[in-house]
Structures are given as C-alpha cells and as structure tokens.
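What follows is one structure encoded as structure tokens, with my remarks underneath.
Only the coordinates and a few stated rules stand behind these numbers; no lab work does. Everything quoted here is computed from the prediction, not taken from an experiment. We place every Cβ from the backbone using ideal geometry, glycine too, and count neighbours over all the protein chains shown.
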Amino acid sequence: MTAKRALHSLVPNGKSLGVKTFAVLVAAVASALLPLYGSDYAVSIGLLIFSYISLGQMWNLLAGYSGLVSLGQQAFIGIGAYTLAKVTTVYGQSIALSFFVTAVCAAAFAFVISFPIFKLSGVYFTIGTWIVSESALVFFRNWKFVNFDAGYNIVAAYKIPMGALYLGSFVIGVVSVALVFLILRSKIGLALMAMRDNPGAAEARGVYLYRTKLVCFLISSVYIAVTGVVLYLNIAYVKPGATFGIDWAVSMVFIVVIGGIGTIEGPILGAVIYVILRQYLYNFPGISMILLGAVAVTVILLAPKGIMGALHGRFGFELFSVRRTAAFDGPDREEGARISVKQRR
Amino acid sequence: MNDNGLLTVESLNVDYGDFRAIHDVSMCFPKGAIISVIGSNGAGKSTLLNAIMGVNKARSGRVFFEGDDITGLRTSSIVAKGISMSPEGSSVFENMSVYENLVLGAFLPGPRKKRDILLERAYELFPPLKEKAKQQATFLSGGQRQMLAIARALMSEPKLLICDEISLGLAPVVVSDIYSRITDVNETGVTVVLVEQEVKRSLDYSDYSYVLVKGRVVMGGLSDELDEKEVKDAYFGINQYA
Amino acid sequence: MELFVQSLVSGLLLGGLYAAVGVGLSLVFGIMGLTNIAHGCLMILSSFFIMVFARHMSGSVVAAFILTVLVMCVIGALLQGVLINRVLAKGPEPALLVTFGVAIVIWNVLQLIFGADFKSIPSPMASVNAVNTRWVVISGEYLFNFAVSAALILVLHLVIQKTLFGRAIRAAASNVVAAELMGINTGRTYIYIMCLALATGSVGGLLVGQTFGFYSYSGMSYLIIAFGVVVIGGMGSIIGTLLGGVILGVAQLLGAYFFGSGVQILVGYLTLLTLLTLRPRGLLGNMTRE
C-alpha cells in the first residue's frame, strides 16, 4: 500500500499508470533487443531513429519548453564529431574518452557563447545562434588544428559491430526522453511552465529565469554534442560542411514541429516519421528535403501543435504527462469562471 | 429595442479563452443620438467595442449596421461602412506628425478625395491641432492626444463615432471642453457612442444610456429617466445585479 | 598602404550591394515583425529567373529583370496571402519556421533543376574600370552596384516617408489595430510589402548574379549578410541598411586585408555578432513594431 502510494506520488495521473507504463516498457525492451531478431537494415533504421529522437528532444527542450528557438545547435554536433575524430584518429585514444572530452568541450563552448547570445531574445536569439554556428563552420574550414576543410576519417569506428552502435544510439535516445521528462518534473520544469503560462509574472523573477534558460541551454547543447559522437561513430568521417551543416537544424525543426512542439511524445513520433521518410526517398535527397519543407509548413499552418498536439486536443491522449494535478492548481478565479460557464451551457 | 437603430447588437457573447467577458448583450444605438455605455474598469466595455469593430471575434450573436450584418467583417471593412472609433488610451501614431495622423484618418477612397476640406474642419473643431500640425504626436499633451484621436476618427466622415474612455486621466476642464466639441459633432448628424466610467457626466451628455456590469447589460433607457443613484448602485454592484 | 585604401574603397562599394540584399528583409521585419528566413533563397531564386529569362529573351538582361520583378511580385503575393498572413498572429516563431520551411523548399527545388553548379548573369560592366589610379582601382561593376543600391534605398525611403502608401505602411508597423481603424486593410498591406521586398530582392539578385555568381544554396549565405546589414543598420530602418551594408562590407574587406582572405567571411560574422550583442536594436533608430 505505501509502496503503491509512493509510486503514485512519483507519477501523475495514477489511474492510467498501469497500462501505459506497461506499454512503454514493452516497447522499450522490444526495441532494446532489436539486434537479436531484426535484420541489419531494421537495426540501421532503429539506430538512426534513436539518435534523432535525442536531437529532437533536446531541440524541443529549448524551443518547446524554454522559448529559445535555436537554429545553431548543429554547432554542437560538429563539436562532438570533431572531438571524436581528434581524440581517436589523431591522438589514438579511446572512444570512451572522447565522450568525456566532448561533454567538457561542448559545455565550455555553450557557456562561453551564452554570454553574447543570451543578451538576445526572440528572433534575435534565433539569428544569433545560427550565426554562431556558421562562424564555427567557417572557422573550422580555416583552422589548421582540425585539418582545414579536409576533415578526418574516424578509423576507430570501423571496428564497432552494428549491435553495439545500435545499443549506444538506443541508450542516448531513451536517456534523452527520461532526461527531458525529469527536467520538466523538477523545479526547473515548474519555472519553465510558469514562464510559458504567464511570462509577465515570471519575468518579475528575472535572474532565476535567466539561470533556468541557461541550464536548459547547457543541457541541450552538451547532450546534442554527445549525440553527435554517437551519430558520427556511424557516419565515420568528419568534414566541416557536413558536421556543421544547416541540414541538422532542418531535421531538428522538422522532427519537433511535425511531432508536436512542447510535448515529449512529439519528437519521438517526429523522429520515426523523419527517418522513415528520409530512407524511403533515399535515392532522391532533393525531393525528400522539398517534401520535408512542404510538410513542415503545412503542419505549422493547419496543426500548429503538431501531430501529438492534434491527438491530444481531439482524444486527450498523452503518453507521458508532465502536468501536475491537485497539489498545485488552487481554486483560482479563472477556474471558477470556467466552471460557471460550463454550468450555464 | 426598435428597428430604426443605426447600429444594433443582438445577443452578443465574447470569450477570452475560457473566460466569458460579454454575456448575451443586446443594444440599439438610435440614429442621430448620443448614447453612453457606462461601466467600471473590467466591466467589458472595451471588449464589447472591439467585438463590434471586428478587432475581437464574437463567440455568438450578431451586429447590424444600417440593417447590414457586419458580424465577423474585417475592422477596415467595418470602418469603410461608416463606423469610426477613437480607441482607448487614444493610441495615436506616435512617430508621425499630427498632420500625418489626420491624413491617415482620411485613408479611405471617399474621404481621401476631400481631404483638405476635412482637415480644415478638424482644425476648426480642435484649434490646438492646427498649431501643432507639424509636431510629432509623441510631444502632445494628454488632452491634445485625445483631441487628435477624435479628430482622426472624424476624418473618415463616419455615420457613427465611438469614443472609448475620453476622460481617462484628463483634467475635468479639458474633458468638458472635449465633450462640448463632441456635442457639436453630434449636431452635424453624426451618431455618437461615449464609453465611460463616470456616471454623472455620461448621463448628462447622452440621450440614451446602457450600464454594463461584469459583461452584462443591467440597465438601459433614456438618460433623463435613469436615476443617477440607481445607476451608481448597479455600477458598484450593490444590489441584485451583482 | 595602397592595398589598405583599396580595401576600404572596395568595402564601401561592396556595402552598397549588401544594402540591396538586406533592404527587403528590413522592410518585412520592420513592418510586420516577420523574420523571413527565406529572403536569401528568394533573392537567389530571382537570380535564376533573370538568368533563364535572359537566355530566352535574346540576352536582354533588362527585359529579363523586369519580367523577374513581376514574377517575384506574384510569388510574394502568394507567399504572404496564402501562408504567412495566416500564421503571423500566432507570434513571431511560427512565422519564422514557416519561412524556414519555404527556404528549404526553394533551395532544394533549385538544386533539383539546376544542380549545384555555379551560375552567373552576364554583365556589360564586368571588365570596365571606372577609376584607375596608383592608389585605387574602382571597377565599373562595383560602382554601378553602389549607385543602383543607393538609388533604390533613396526611392524606398521617400516612398515610405512621403506618400500615403508609405504612411499607411508606417501606421500598420506601429499599431495594427489603430491602422485597421483608419480603414487600412493590414493583411493586404502586408501583401504589398512582401511584393515590394521581393522586388528589391530581385535587384539584389541581379547585382549578386552579375558580380559574384550564385548556386542553389547561395541564398542561405546571403541571408546572413542580409541579417548583418539589417541588424547593424537597425531592423526596419531603410536608410540604416545602407549604413549597415557599408559597415559590413568595410569590416569584411579590412578583415581580409589584415588577416587574409580566408577569414573575410568570419570577420563579417563576428562583427555582426559583436554589434548584435552590444546594440541589439541596431545603430540607427527605426520603425519597428511595439
């Protein structure tokens, strides 16, 4: 009894806990074991999906929850990819070490650029992040330390078996979901919700707000860099134009916008659609990009909250609820008004 | 009320998200009259006006002007039909001169052709505007700003002029001056709607009055027949209407 | 020293071209608060149109340009009327993402049709030098670019300051509701603005196409330049774009003079980032929305 209550206090909407948790667990275990029963092709698709889930979650943490629309997160993919290449190919160190170095480098870079770009708000922030990323691209092209525009082959990645690559991607994807979920259920999440629901009131506590956004930006950036390492273990060569390319931003925007901005399920759904669409149109890269752009525009116009938002609006469906009930929603005035309106109808 | 209203509102409901701001409001503004809509802060006056002008969308209900259904039309189309509004806080175009503000008032093709005549008339009505014609609107006093907003609204030669909270933050002398000007305007045949918080002045200057409390019409009729004390009681929510 | 003076003068003239690239973005941002990520791609689209039309019109660039302006106006009207006007009310970010989607579509369609090859528009002034002294050489092309841009910006400035249309635009920029209350249909005004912005973009597309050449993806690089121009000059300030263009152009060429041509672009970006952080609203006053 007490154990059950404890569980209930951890997860909201206790009554629907059973079925959903079970479904999520089954899906998780089934996909974790994919290399055991799936074809090589299925595994390679699954690998991409989980990496892109991670990218989507982290972009959503910024754009969907923190109000920071960044078109420059690909800079961190570049940092991850290049750190991996330098640490393994140039210095002959382990892949494990490159994860660690990546996290440190990405955190440092994110922290340093946060000073200028956090002075910008709204669309200026968006432009600022993009210019930072383009600057990094140009800088790497002219930087002897990273072999200019030639890039490196990541030889160490050749030896990794597909199953291990898949598992790495699986972990990075699942952890990204858990991480965003936990962040939203934490004090930071509360501050973010307050900011979204009532910007004015939250603004009054400016310093705290700045820190909250900064924390989200740091987490997102470091995690994207780490995801970049996982992605480039699969791609196995780095070049400035590709690693710092705007295509990464396109994919993050697409995944989140299509799936549903500001929802946890959205990026998962978006990543699945994105990867399958890209695969399906693999031989027509131009057409797939055109289609992605057109679909994204259509979704923003017709269903601004994406597929998940539409599902939630129509059927009240959601897999992970980050809303808290009862304890936080006092009987405020608006609530009262809402009730009285309903009664009248 | 009757069929000879210039503008009639029928069972209008307006929501702000989940919150209903205007409940089943019906009104009739007779042609040639001065009508006041009285209500306290938050009674829904501006919401009502914005719904009439097409700035906000109404949830349900209809608005008729000269017998035409204007519900859901774009604001600029409603203005083209002959309704003009001087908005609350007299939002003039700050970075433009007084002259430019007035010129914009005559933007529609009809008034545009007789812009110079209309400009002369505006300067006659509010002489201070002529002196300040070349100045940026930012540098006007509160009273001059209000004059500019009203003069600008009149530049489109409206049949119906709606003034939202003229007296807000102005000295009583200035308010009286503006009100007497509005009476002059009314005498040229323009129907005027005054939206105010102040009970006595509203009743004194108008032919008909409506009292709005919490988004509902609680009283209405000839201003002379409405008792100031009763209106005030309703207004402050003292009796059953609250 | 000669090279320094040369860099300074060329940077100044280059700035004129940059201003033509950025002025449309500035218009659209200042008046409707739209960050048009597709601006650069639309400009390069006009370069492609001019190139293709010129081929079919026995090489007349002038005729091709005029036809392109018309086509771009139609595209602008559709873009604004069908897509952007519907999302503008939902805040700046959804509108930004819509234009991002449009940008992706445009550059990939161009790539699909024309490939990734470098193209250019023939220019009669390519090899003519207007000034040729020991200190400085000014190419006729750069001078032409600067003159055209300066004239374009002057005309735009006058239209916006002195005509009724310009006043209506400024009214819509400062307060949408008040503008509608004047009988100004702001939705339709926005369509005119987008057409105007794309017409100026066609001028940019012509100058860029003649001077530097272009390929399908160039639009995104020129978008950054456009942003630079607009941010430095002040979003929504028309005259400011000329100043912004000149500052960016001079910074780039002086950067190339001091640090080598490889970092020319980087210096431009960093100048832009620095100015963006120090003066987020730009150097000149503007007509931005409240």
Of B:173, B:213, B:185, which has the largest mean-square fluctuation in a 10 Å C-alpha GNM of chain B?
B:173
By count of other Cβ within 10 Å, fewest leading, how are C:39, A:312 ordered?
A:312, C:39
Apply 1/(1 + (r/R0)^6) to the Cβ-Cβ distance of residue A:160 and residue A:247, taking R0 = 22 Å, and write down the FRET efficiency to the nearest 0.05.
0.35
List the residues whose amide H sits under 5 Å from the amide H of residue B:162, counting only those 5 or more places along or on another chain, with H placed 1.01 Å from N in the peptide plane.
B:84, B:85, B:86, B:193
Between residue B:236 and residue B:19, the FRET efficiency computed from the C-beta separation at R0 = 25 Å comes out, to the nearest 0.05, as 0.70
For the protein assembly as shown, what is the charge dipole size about the Cα centre, in debye to the nearest 20, if Lys and Arg each add +1 at the Cβ and Asp and Glu each add -1 at the Cβ?
1860 debye
Rough spin-label spacing in nm, given labels placed 7 Å along Cα→Cβ, for residue C:52 and residue A:148:
3.7 nm
For residue B:176 paired with residue B:130, estimate the spin-label separation in nm (one decimal), with each label point 7 Å from Cα along the Cα-to-Cβ line.
2.4 nm
In the protein assembly as shown, which cysteines lack any other cysteine Cβ under 4.7 Å from their own?
A:105, A:216, B:28, B:163, C:41
Taking only the C-alpha atoms, wrap a convex hull around the protein assembly as shown and report its volume per residue in Å³ as a whole number.
196 Å³
For peptide A:292-300, the mean count of other chain Cβ atoms within 10 Å per residue Cβ is 6
Rg to Rh, two decimals, where region B:26-124 supplies the alpha carbon set and Rh follows Kirkwood:
0.99
Set A:86/A:144; B:57/C:90; B:134/C:162; B:81/B:159; B:31/B:214; B:113/C:162 screened for pairs whose C-alpha atoms are more than 20 Å apart
B:31/B:214
Around residue B:227, with a cut-off of 15 angstrom between Cβ atoms, what is the net charge of the other residues, counting Lys and Arg +1 and Asp and Glu -1?
-3
Kirkwood calc, region A:3-340, C-alpha pairs only, radius in angstrom 21.1 Å
Give the average, rounded to an integer, of partner chain Cβ atoms located within 10 angstrom of each Cβ in B:18-28.
2
So, with points 7 Å from each Cα along the Cβ direction, the residue C:8-residue A:25 label distance in nm works out to 7.6 nm
Choice from B:31, B:229, B:132 showing the highest fluctuation, given a GNM over chain B with Cα pairs closer than 10 Å
B:229
Defining a contact as two alpha carbons under 8 Å apart and six or more residues distant in sequence, what relative contact order in percent does region A:3-340 show?
28 percent
Once R0 is set to 56 Å, what does the formula 1/(1 + (r/R0)^6) return for the Cβ-Cβ distance between residue C:89 and residue B:225, expressed as a FRET efficiency to the nearest 0.05?
0.80
From other protein chains only, count the Cβ atoms within 10 Å of every residue's Cβ in B:102-113, then give the mean.
3
